[in-house]
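Colleague: The structure's right below; bear with me while I get my questions together.
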Amino acid sequence: MTNLQQLAARVAAEFQKLYGRPPRWIVAAPGRVNVIGEHIDYNDGFVLPMAIERYAVMAADSSSSSNSFSVYDAQFKETAMIDISAPVTKGPPKWSNYIRGVIAGFQNRGIKIPALNVAFMSTVPLGGGLSSSAALEVCTATLIETATGAAIDPVEKALLAQKAEHEFAGVPCGIMDQFISVMGRESRLLLLDCRSRKTELVPMDDPSVALLIVNTNVKHELSGGEYAQRRLQCEAAAKILGVASLRDTTVEMLERSKASMSEVVYRRARHVIGEIERTVHAAEAIRNSNWPAAGNLMYASHASLRDDYEVSCKELDDVVEIAESIGVKAGVFGCRMTGGGFGGCAVALVKTGNVEAITKQIADGYKSKTGINATIFVSRPAAGATVIKA
Ligand code: GAF
(Lines give C-alpha, C1' and ligand atoms only; values in the text may rest on other atoms or scores of the structure.)
Protein backbone atom coordinates (compact mmCIF):
# COMPACT_ATOMS: atom_id res chain seq x y z
CA MET A 1 0.00 0.00 0.00
CA THR A 2 1.27 3.50 -0.78
CA ASN A 3 1.53 6.24 1.88
CA LEU A 4 -1.61 7.78 0.48
CA GLN A 5 -3.67 4.58 0.45
CA GLN A 6 -2.70 3.92 4.08
CA LEU A 7 -3.64 7.43 5.13
CA ALA A 8 -6.94 7.23 3.24
CA ALA A 9 -7.77 3.96 5.02
CA ARG A 10 -7.03 5.58 8.41
CA VAL A 11 -9.24 8.58 7.69
CA ALA A 12 -12.02 6.32 6.38
CA ALA A 13 -11.79 4.32 9.63
CA GLU A 14 -12.09 7.56 11.65
CA PHE A 15 -15.17 8.49 9.63
CA GLN A 16 -16.69 5.05 10.21
CA LYS A 17 -15.99 5.32 13.97
CA LEU A 18 -17.75 8.69 14.15
CA TYR A 19 -20.74 8.09 11.91
CA GLY A 20 -21.17 4.31 11.96
CA ARG A 21 -20.96 3.99 8.18
CA PRO A 22 -18.21 4.20 5.54
CA PRO A 23 -17.56 7.56 3.84
CA ARG A 24 -19.07 8.17 0.43
CA TRP A 25 -16.16 10.28 -0.81
CA ILE A 26 -12.43 10.34 -0.05
CA VAL A 27 -10.17 13.02 -1.51
CA ALA A 28 -6.57 14.12 -0.99
CA ALA A 29 -4.22 16.99 -1.81
CA PRO A 30 -0.45 17.03 -1.32
CA GLY A 31 2.00 19.43 0.30
CA ARG A 32 4.99 20.57 -1.72
CA VAL A 33 8.68 21.19 -1.65
CA ASN A 34 10.08 23.96 -3.80
CA VAL A 35 13.32 22.85 -5.48
CA ILE A 36 14.27 26.40 -6.48
CA GLY A 37 12.67 29.79 -7.22
CA GLU A 38 11.98 31.13 -3.74
CA HIS A 39 9.98 34.30 -3.08
CA ILE A 40 9.56 34.55 -6.82
CA ASP A 41 5.89 33.74 -7.40
CA TYR A 42 4.69 37.18 -6.28
CA ASN A 43 7.37 38.74 -8.49
CA ASP A 44 5.91 37.12 -11.63
CA GLY A 45 8.96 34.90 -12.21
CA PHE A 46 9.62 31.14 -12.48
CA VAL A 47 9.34 28.60 -9.66
CA LEU A 48 10.15 24.87 -9.69
CA PRO A 49 8.20 22.99 -6.99
CA MET A 50 7.08 19.38 -6.75
CA ALA A 51 4.19 17.81 -4.84
CA ILE A 52 5.38 15.52 -2.02
CA GLU A 53 4.10 12.23 -0.65
CA ARG A 54 2.54 13.97 2.35
CA TYR A 55 -1.16 14.74 2.13
CA ALA A 56 -4.27 16.32 3.56
CA VAL A 57 -7.07 13.72 3.28
CA MET A 58 -10.81 14.15 3.80
CA ALA A 59 -13.42 11.38 4.05
CA ALA A 60 -17.03 12.60 3.83
CA ASP A 61 -20.70 11.98 3.31
CA SER A 62 -23.72 14.25 3.11
CA SER A 63 -25.47 15.10 6.35
CA SER A 64 -29.24 14.96 6.51
CA SER A 65 -29.46 16.24 10.07
CA SER A 66 -27.72 19.61 9.95
CA ASN A 67 -27.12 22.74 7.97
CA SER A 68 -23.41 22.72 8.49
CA PHE A 69 -20.17 21.62 6.96
CA SER A 70 -18.73 19.79 9.91
CA VAL A 71 -15.04 18.81 9.84
CA TYR A 72 -13.51 16.55 12.48
CA ASP A 73 -9.72 16.83 12.68
CA ALA A 74 -8.85 13.28 13.71
CA GLN A 75 -5.29 14.24 14.64
CA PHE A 76 -6.07 17.04 17.07
CA LYS A 77 -9.51 15.67 17.96
CA GLU A 78 -11.31 18.92 17.31
CA THR A 79 -14.43 19.65 15.24
CA ALA A 80 -15.15 22.76 13.18
CA MET A 81 -18.87 23.41 12.58
CA ILE A 82 -19.27 25.77 9.65
CA ASP A 83 -22.74 27.23 9.06
CA ILE A 84 -23.41 27.09 5.33
CA SER A 85 -26.91 28.58 5.40
CA ALA A 86 -25.41 32.07 4.85
CA PRO A 87 -22.21 33.40 3.22
CA VAL A 88 -19.39 31.79 5.20
CA THR A 89 -17.15 34.12 7.21
CA LYS A 90 -14.04 33.74 9.35
CA GLY A 91 -14.50 31.86 12.61
CA PRO A 92 -13.12 29.42 15.14
CA PRO A 93 -11.15 27.20 15.35
CA LYS A 94 -8.28 29.00 13.59
CA TRP A 95 -7.44 26.13 11.21
CA SER A 96 -11.04 26.10 9.94
CA ASN A 97 -10.41 29.42 8.19
CA TYR A 98 -8.59 27.65 5.35
CA ILE A 99 -11.73 25.54 4.85
CA ARG A 100 -14.09 28.48 5.38
CA GLY A 101 -12.20 30.53 2.78
CA VAL A 102 -12.57 27.81 0.17
CA ILE A 103 -16.28 27.30 0.92
CA ALA A 104 -16.77 31.07 0.55
CA GLY A 105 -14.96 30.92 -2.81
CA PHE A 106 -17.40 28.29 -4.08
CA GLN A 107 -20.37 30.25 -2.71
CA ASN A 108 -19.11 33.32 -4.61
CA ARG A 109 -19.17 31.26 -7.78
CA GLY A 110 -22.85 30.53 -7.12
CA ILE A 111 -22.27 26.91 -6.13
CA LYS A 112 -24.59 25.66 -3.41
CA ILE A 113 -22.56 23.96 -0.66
CA PRO A 114 -24.11 20.74 0.61
CA ALA A 115 -24.26 19.91 4.33
CA LEU A 116 -21.42 17.46 4.89
CA ASN A 117 -19.87 15.37 7.62
CA VAL A 118 -16.13 15.23 7.13
CA ALA A 119 -13.25 13.45 8.87
CA PHE A 120 -9.85 14.96 8.18
CA MET A 121 -6.17 14.16 8.71
CA SER A 122 -2.93 15.57 7.33
CA THR A 123 0.61 14.22 7.16
CA VAL A 124 2.01 17.53 5.87
CA PRO A 125 3.98 18.86 8.86
CA LEU A 126 2.41 22.03 10.28
CA GLY A 127 4.56 25.16 10.10
CA GLY A 128 7.24 23.22 8.24
CA GLY A 129 7.19 25.33 5.09
CA LEU A 130 5.77 22.39 3.09
CA SER A 131 2.40 24.05 2.40
CA SER A 132 0.16 22.32 4.90
CA SER A 133 -2.32 25.17 4.42
CA ALA A 134 -2.42 24.91 0.62
CA ALA A 135 -2.93 21.14 0.97
CA LEU A 136 -5.90 21.75 3.28
CA GLU A 137 -7.39 24.38 0.95
CA VAL A 138 -7.00 22.29 -2.20
CA CYS A 139 -8.30 19.19 -0.40
CA THR A 140 -11.42 21.12 0.63
CA ALA A 141 -11.90 22.40 -2.92
CA THR A 142 -11.54 18.86 -4.28
CA LEU A 143 -14.12 17.57 -1.80
CA ILE A 144 -16.62 20.27 -2.76
CA GLU A 145 -16.07 19.56 -6.46
CA THR A 146 -16.61 15.84 -5.85
CA ALA A 147 -19.67 16.22 -3.63
CA THR A 148 -21.39 18.76 -5.91
CA GLY A 149 -20.21 17.50 -9.29
CA ALA A 150 -19.20 21.10 -10.05
CA ALA A 151 -15.64 20.58 -11.31
CA ILE A 152 -13.77 23.82 -11.92
CA ASP A 153 -10.81 24.55 -14.14
CA PRO A 154 -7.50 23.68 -12.36
CA VAL A 155 -6.13 27.24 -12.66
CA GLU A 156 -9.39 28.67 -11.26
CA LYS A 157 -9.31 26.14 -8.48
CA ALA A 158 -5.75 27.07 -7.46
CA LEU A 159 -6.64 30.79 -7.57
CA LEU A 160 -9.76 30.18 -5.45
CA ALA A 161 -7.56 28.43 -2.84
CA GLN A 162 -5.01 31.27 -2.95
CA LYS A 163 -7.80 33.80 -2.35
CA ALA A 164 -8.89 31.80 0.70
CA GLU A 165 -5.36 32.11 2.07
CA HIS A 166 -5.32 35.89 1.43
CA GLU A 167 -8.74 36.69 2.80
CA PHE A 168 -9.28 34.11 5.53
CA ALA A 169 -5.73 33.43 6.78
CA GLY A 170 -4.29 36.91 6.18
CA VAL A 171 -1.22 35.67 4.27
CA PRO A 172 -0.60 37.59 1.01
CA CYS A 173 0.96 34.51 -0.63
CA GLY A 174 1.76 34.00 -4.30
CA ILE A 175 0.31 31.25 -6.48
CA MET A 176 2.98 28.54 -6.18
CA ASP A 177 1.70 26.40 -3.33
CA GLN A 178 -1.89 26.08 -4.49
CA PHE A 179 -0.83 25.50 -8.12
CA ILE A 180 1.48 22.61 -7.30
CA SER A 181 -1.02 21.05 -4.89
CA VAL A 182 -3.57 21.03 -7.74
CA MET A 183 -1.24 20.27 -10.67
CA GLY A 184 1.57 18.08 -9.33
CA ARG A 185 2.44 14.97 -11.36
CA GLU A 186 4.26 11.81 -10.35
CA SER A 187 7.96 11.85 -11.30
CA ARG A 188 7.72 15.47 -12.46
CA LEU A 189 8.67 18.91 -11.20
CA LEU A 190 6.44 21.79 -12.24
CA LEU A 191 8.15 24.75 -13.90
CA LEU A 192 5.55 27.46 -13.39
CA ASP A 193 5.69 30.84 -15.08
CA CYS A 194 3.90 32.89 -12.43
CA ARG A 195 3.12 35.68 -14.89
CA SER A 196 1.49 33.75 -17.73
CA ARG A 197 0.57 30.83 -15.40
CA LYS A 198 1.89 28.49 -18.09
CA THR A 199 3.33 25.27 -16.76
CA GLU A 200 5.91 22.80 -18.00
CA LEU A 201 6.47 19.39 -16.45
CA VAL A 202 10.15 18.67 -15.93
CA PRO A 203 10.96 14.95 -15.58
CA MET A 204 12.63 14.06 -12.29
CA ASP A 205 12.71 10.28 -12.52
CA ASP A 206 16.40 9.39 -12.52
CA PRO A 207 16.60 6.65 -9.86
CA SER A 208 20.20 7.59 -9.04
CA VAL A 209 19.18 10.89 -7.37
CA ALA A 210 16.72 11.77 -4.62
CA LEU A 211 15.40 14.84 -2.87
CA LEU A 212 15.93 14.76 0.87
CA ILE A 213 13.70 17.00 2.96
CA VAL A 214 15.16 18.13 6.27
CA ASN A 215 12.70 19.64 8.73
CA THR A 216 14.61 21.82 11.22
CA ASN A 217 11.58 21.57 13.49
CA VAL A 218 11.88 25.29 14.03
CA LYS A 219 8.36 26.59 13.43
CA HIS A 220 7.71 28.88 10.56
CA GLU A 221 4.89 31.41 10.71
CA LEU A 222 4.15 33.44 7.59
CA SER A 223 1.45 35.68 8.98
CA GLY A 224 4.10 37.31 11.21
CA GLY A 225 4.53 40.26 8.86
CA GLU A 226 8.01 39.51 7.45
CA TYR A 227 6.50 37.89 4.34
CA ALA A 228 4.22 40.85 3.63
CA GLN A 229 7.15 43.19 4.21
CA ARG A 230 9.27 41.37 1.58
CA ARG A 231 6.43 41.74 -0.91
CA LEU A 232 6.24 45.47 -0.25
CA GLN A 233 10.00 45.86 -0.63
CA CYS A 234 9.85 44.11 -4.02
CA GLU A 235 7.00 46.37 -5.12
CA ALA A 236 9.00 49.40 -3.99
CA ALA A 237 12.00 48.23 -6.05
CA ALA A 238 9.83 47.64 -9.14
CA LYS A 239 8.31 51.11 -8.78
CA ILE A 240 11.72 52.80 -8.59
CA LEU A 241 12.87 50.78 -11.61
CA GLY A 242 9.73 51.80 -13.50
CA VAL A 243 8.62 48.22 -14.24
CA ALA A 244 5.41 46.31 -13.51
CA SER A 245 7.29 43.66 -11.53
CA LEU A 246 10.86 42.56 -10.89
CA ARG A 247 10.42 39.93 -13.62
CA ASP A 248 10.87 42.79 -16.10
CA THR A 249 14.25 43.94 -14.91
CA THR A 250 17.92 42.96 -15.18
CA VAL A 251 21.01 43.22 -12.97
CA GLU A 252 22.27 46.02 -15.22
CA MET A 253 19.07 48.05 -14.74
CA LEU A 254 19.25 47.46 -11.02
CA GLU A 255 22.88 48.61 -10.81
CA ARG A 256 22.03 51.79 -12.73
CA SER A 257 19.29 52.63 -10.20
CA LYS A 258 21.17 51.53 -7.11
CA ALA A 259 21.63 55.08 -5.82
CA SER A 260 17.89 55.78 -5.89
CA MET A 261 16.89 52.99 -3.50
CA SER A 262 17.71 51.94 0.02
CA GLU A 263 20.38 49.30 0.46
CA VAL A 264 17.79 46.80 1.76
CA VAL A 265 15.44 47.28 -1.20
CA TYR A 266 18.44 46.91 -3.55
CA ARG A 267 19.39 43.58 -1.97
CA ARG A 268 15.80 42.27 -2.11
CA ALA A 269 15.67 43.04 -5.83
CA ARG A 270 19.10 41.49 -6.40
CA HIS A 271 17.84 38.24 -4.90
CA VAL A 272 14.75 38.17 -7.10
CA ILE A 273 16.59 38.92 -10.35
CA GLY A 274 19.26 36.31 -9.61
CA GLU A 275 16.78 33.68 -8.41
CA ILE A 276 14.64 33.89 -11.55
CA GLU A 277 17.74 33.24 -13.64
CA ARG A 278 18.89 30.41 -11.37
CA THR A 279 15.49 28.73 -11.62
CA VAL A 280 15.51 28.72 -15.42
CA HIS A 281 19.06 27.32 -15.40
CA ALA A 282 18.21 24.70 -12.76
CA ALA A 283 15.26 23.45 -14.84
CA GLU A 284 17.64 23.11 -17.78
CA ALA A 285 20.25 21.30 -15.64
CA ILE A 286 17.60 18.88 -14.35
CA ARG A 287 16.31 18.20 -17.88
CA ASN A 288 19.90 17.24 -18.77
CA SER A 289 20.47 15.26 -15.55
CA ASN A 290 23.32 17.66 -14.78
CA TRP A 291 23.06 17.18 -11.01
CA PRO A 292 26.26 19.02 -10.01
CA ALA A 293 25.04 22.13 -11.87
CA ALA A 294 21.56 21.90 -10.31
CA GLY A 295 23.13 21.42 -6.87
CA ASN A 296 25.37 24.48 -7.21
CA LEU A 297 22.37 26.60 -8.17
CA MET A 298 20.63 25.40 -5.00
CA TYR A 299 23.59 26.50 -2.86
CA ALA A 300 23.63 29.88 -4.62
CA SER A 301 19.90 30.24 -4.02
CA HIS A 302 20.38 29.59 -0.32
CA ALA A 303 23.18 32.14 -0.01
CA SER A 304 21.02 34.76 -1.70
CA LEU A 305 18.01 34.01 0.53
CA ARG A 306 20.26 34.18 3.59
CA ASP A 307 22.24 37.32 2.74
CA ASP A 308 20.11 39.41 0.37
CA TYR A 309 16.55 38.38 1.12
CA GLU A 310 17.16 37.61 4.82
CA VAL A 311 14.52 34.91 5.20
CA SER A 312 16.74 32.10 6.45
CA CYS A 313 17.60 31.39 10.09
CA LYS A 314 20.53 29.87 11.96
CA GLU A 315 19.08 26.35 11.95
CA LEU A 316 18.47 26.34 8.17
CA ASP A 317 21.98 27.70 7.61
CA ASP A 318 23.33 24.93 9.85
CA VAL A 319 21.64 22.24 7.75
CA VAL A 320 22.96 23.72 4.50
CA GLU A 321 26.48 24.01 5.96
CA ILE A 322 26.45 20.39 7.12
CA ALA A 323 25.19 19.24 3.72
CA GLU A 324 27.89 21.26 1.95
CA SER A 325 30.58 19.80 4.22
CA ILE A 326 29.47 16.27 3.27
CA GLY A 327 30.14 17.23 -0.35
CA VAL A 328 29.58 15.74 -3.79
CA LYS A 329 31.96 12.80 -3.30
CA ALA A 330 29.84 11.56 -0.41
CA GLY A 331 26.65 12.17 -2.38
CA VAL A 332 25.35 15.72 -1.73
CA PHE A 333 24.98 17.84 -4.89
CA GLY A 334 23.25 20.82 -3.30
CA CYS A 335 21.02 22.04 -0.50
CA ARG A 336 18.92 25.09 0.30
CA MET A 337 16.12 26.36 2.48
CA THR A 338 12.70 25.84 0.90
CA GLY A 339 9.39 27.69 1.28
CA GLY A 340 8.76 30.99 3.01
CA GLY A 341 11.70 30.66 5.43
CA PHE A 342 12.32 31.71 9.06
CA GLY A 343 12.42 28.01 9.99
CA GLY A 344 10.78 25.03 8.36
CA CYS A 345 12.60 22.80 5.90
CA ALA A 346 15.69 22.55 3.76
CA VAL A 347 15.84 20.42 0.62
CA ALA A 348 18.94 18.56 -0.54
CA LEU A 349 19.66 16.95 -3.90
CA VAL A 350 21.54 13.73 -3.15
CA LYS A 351 22.72 10.42 -4.63
CA THR A 352 20.12 7.76 -3.85
CA GLY A 353 22.76 5.24 -2.80
CA ASN A 354 24.01 7.61 -0.09
CA VAL A 355 20.64 8.59 1.40
CA GLU A 356 21.04 6.58 4.58
CA ALA A 357 24.55 7.80 5.39
CA ILE A 358 23.68 11.43 4.52
CA THR A 359 20.54 11.32 6.66
CA LYS A 360 22.58 10.15 9.64
CA GLN A 361 25.31 12.73 9.09
CA ILE A 362 22.82 15.60 8.82
CA ALA A 363 20.80 14.38 11.82
CA ASP A 364 23.89 14.00 14.02
CA GLY A 365 25.53 17.23 12.88
CA TYR A 366 22.31 19.20 13.33
CA LYS A 367 21.66 17.75 16.77
CA SER A 368 25.15 18.61 17.96
CA LYS A 369 24.98 22.17 16.57
CA THR A 370 21.47 23.03 17.75
CA GLY A 371 20.34 20.45 20.30
CA ILE A 372 17.25 19.85 18.11
CA ASN A 373 16.22 16.59 16.43
CA ALA A 374 15.60 17.13 12.72
CA THR A 375 12.95 15.09 10.88
CA ILE A 376 14.40 13.86 7.59
CA PHE A 377 12.64 12.06 4.75
CA VAL A 378 12.83 11.41 1.03
CA SER A 379 9.92 12.14 -1.25
CA ARG A 380 9.48 11.42 -4.91
CA PRO A 381 7.46 13.93 -6.94
CA ALA A 382 3.81 13.04 -6.27
CA ALA A 383 0.51 13.61 -8.05
CA GLY A 384 -1.61 16.67 -7.25
CA ALA A 385 -5.13 16.62 -5.80
CA THR A 386 -6.77 13.21 -6.20
CA VAL A 387 -10.22 11.72 -5.75
CA ILE A 388 -9.67 8.37 -4.03
CA LYS A 389 -13.33 7.40 -3.68
CA ALA A 390 -16.07 9.04 -5.73
C1 GAF B 1 5.10 30.72 0.85
C2 GAF B 1 4.04 31.35 -0.03
F3 GAF B 1 2.81 30.86 0.29
C4 GAF B 1 4.35 31.10 -1.50
O5 GAF B 1 3.42 31.78 -2.30
C6 GAF B 1 5.78 31.54 -1.85
O7 GAF B 1 5.86 32.94 -1.95
C8 GAF B 1 6.77 30.98 -0.84
O9 GAF B 1 6.38 31.24 0.51
C10 GAF B 1 8.16 31.53 -1.03
O11 GAF B 1 8.67 31.11 -2.25
O12 GAF B 1 5.09 29.33 0.74
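The values are calculated or read from the model by the stated rules, or taken from the named source; none is laboratory data. Because the structure is predicted, anything quoted here is derived from the model rather than measured. Note that each Cβ is placed from the backbone with ideal geometry, even for glycine, and that neighbours are counted across all protein chains shown. Accessible surface is based on the protein model in full, side chains and every heavy atom, while ligands, DNA and RNA are left aside. Shrake-Rupley method; radii C 1.70, N 1.55, O 1.52, S 1.80 Å.
Colleague: Could you give the accessible area per residue of the stretch 277-390, probe 1.4 Å, as a whole number in Å²?
Modeller: Accessible area per residue: 41 Å².
Colleague: What FRET efficiency do you get for THR250 and THR89 if R0 is 25 Å and r is their Cβ-Cβ distance, rounded to the nearest 0.05?
Modeller: Between THR250 and THR89 the formula returns 0.05.
Colleague: Can you tell me the dipole magnitude for the stretch 1-147 around its Cα centre, using point charges on the Cβ only (Lys, Arg +1; Asp, Glu -1), in Debye to the nearest 20?
Modeller: Here the size comes out at about 420 debye.
Colleague: Set Lys and Arg Cβ to +1 and Asp and Glu Cβ to -1, take the dipole of the chain about its Cα centre, and tell me which of VAL311, CYS139, GLN16 lies farthest positive.
Modeller: GLN16
Colleague: Same structure, new question: Compute the distance from the alpha-carbon center of the stretch 7-43 to that of the stretch 73-149, in whole Å.
Modeller: About 11 Å separates the Cα centre of the stretch 7-43 from the one of the stretch 73-149.
Colleague: At a probe size of 1.4 Å, how large is the accessible area of GLU255, to the nearest 10 Å²?
Modeller: Approximately 80 Å² of GLU255 is accessible to the 1.4 Å probe.
Colleague: Another one. What are the trypsin sites (Lys or Arg not before Pro) within the stretch 276-351 that DSSP puts in a loop, where the Cβ has at most 13 other Cβ atoms within 10 Å?
Modeller: LYS329
Colleague: Residues in the stretch 314-334, backbone N under 16 Å from the label point at SER208 (7 Å along the Cα-to-beta-carbon vector): list them, ranges by number please.
Modeller: Under cut-off, by backbone N: 328-334.
Colleague: Relative contact order (percent) for the chain, with alpha-carbon contacts under 8 angstrom and 6 or more residues of separation?
Modeller: In percent, rounded to a whole number, it is 23.
Colleague: Now for a different question. Go through TRP95, SER379, TYR299 and say which Cα lies farthest out towards the positive end of the charge dipole of the chain; charges sit on Cβ, +1 for Lys and Arg, -1 for Asp and Glu.
Modeller: TRP95
Colleague: So for the stretch 263-390, if I pair up every lysine 8 or more residues apart or on another chain, how many of those pairs have alpha-carbons under 22 Å apart?
Modeller: 7
Colleague: Roughly how many debye, to the nearest 20, is the charge dipole of the chain about its Cα centre, given +1 on each Lys and Arg Cβ, -1 on each Asp and Glu Cβ, and no other charges?
Modeller: Here the chain has a charge dipole of around 640 debye.
Colleague: Next question. If you build the Cα gyration tensor of the chain and take the root of 5 times each eigenvalue, what three semi-axes come out, in whole angstrom, biggest first?
Modeller: 35, 25, 18
Colleague: Residues with amide H under 5 Å of THR375's amide H, sequence separation 5 or more or different chain, H placed in the peptide plane at 1.01 Å from N; which?
Modeller: ASN215, ASN217
Colleague: Residues of the stretch 103-138 with the amide nitrogen closer than 20 Å to a label point 7 Å from the Cα of SER65, along Cα-to-Cβ, please.
Modeller: Backbone N within reach: 114-120.
Colleague: To the nearest 20 Debye, how big is the dipole of the stretch 236-299 about its Cα centre, given +1 on the beta carbon of each Lys and Arg and -1 on that of each Asp and Glu?
Modeller: Charge dipole, the stretch 236-299, about its Cα centre: 160 debye, nearest 20.
Colleague: Would you mind getting me the FRET efficiency between GLU356 and LYS219? Use the beta-carbon distance for r and R0 = 22 Å, nearest 0.05.
Modeller: The computed FRET efficiency comes out at 0.20.
Colleague: I would also like to ask the following. Along its three principal axes, how long is the stretch 145-284 when you only count alpha carbons? Whole Å, largest extent first please.
Modeller: Result, largest extent first: 55, 42, 35 Å.
Colleague: On to the next question. Quick one: with all protein chains in place, what share of the accessible area of the chain is carbon or sulfur, to the nearest percent (1.4 Å probe)?
Modeller: Roughly 52 percent, rounded to a whole number.
Colleague: Starting from 0.36 nm per residue, how many nanometres of slack lie between GLN75 and ASN290 once their C-alpha separation is accounted for?
Modeller: Difference between extended and current length: 73.3 nm.
Colleague: Can you compute 3J(HN,Hα) from phi for each residue in the stretch 241-249, using the Karplus curve 6.51 cos²θ - 1.76 cosθ + 1.60 with θ = phi - 60°, rounded to whole Hz and x for Gly and Pro?
Modeller: Ordered by residue, 3J(HN,Hα) equals 7, x, 10, 5, 7, 5, 4, 8, 10 Hz.
Colleague: What does the charge add up to near LYS90, with Lys and Arg as +1, Asp and Glu as -1, over the other residues with Cβ less than 15 Å from its Cβ?
Modeller: Summing Lys and Arg as +1 and Asp and Glu as -1 gives -1.
Colleague: Determine the gain in length on full extension of the stretch MET1-ARG24; use 0.36 nm per residue of separation and subtract their C-alpha separation, reporting nm with one decimal.
Modeller: Result: 6.2 nm gained on full extension.
Colleague: How would PHE46, PHE179, PHE377 line up by accessible area, probe 1.4 Å, largest first?
Modeller: Output order, biggest surface exposure first: PHE46, PHE377, PHE179.
Colleague: Going by accessible area, probe 1.4 Å, with all protein chains left in place, what is the ranking of ARG24, ARG267, largest first?
Modeller: The ordering from most to least exposed comes out as ARG24, ARG267.
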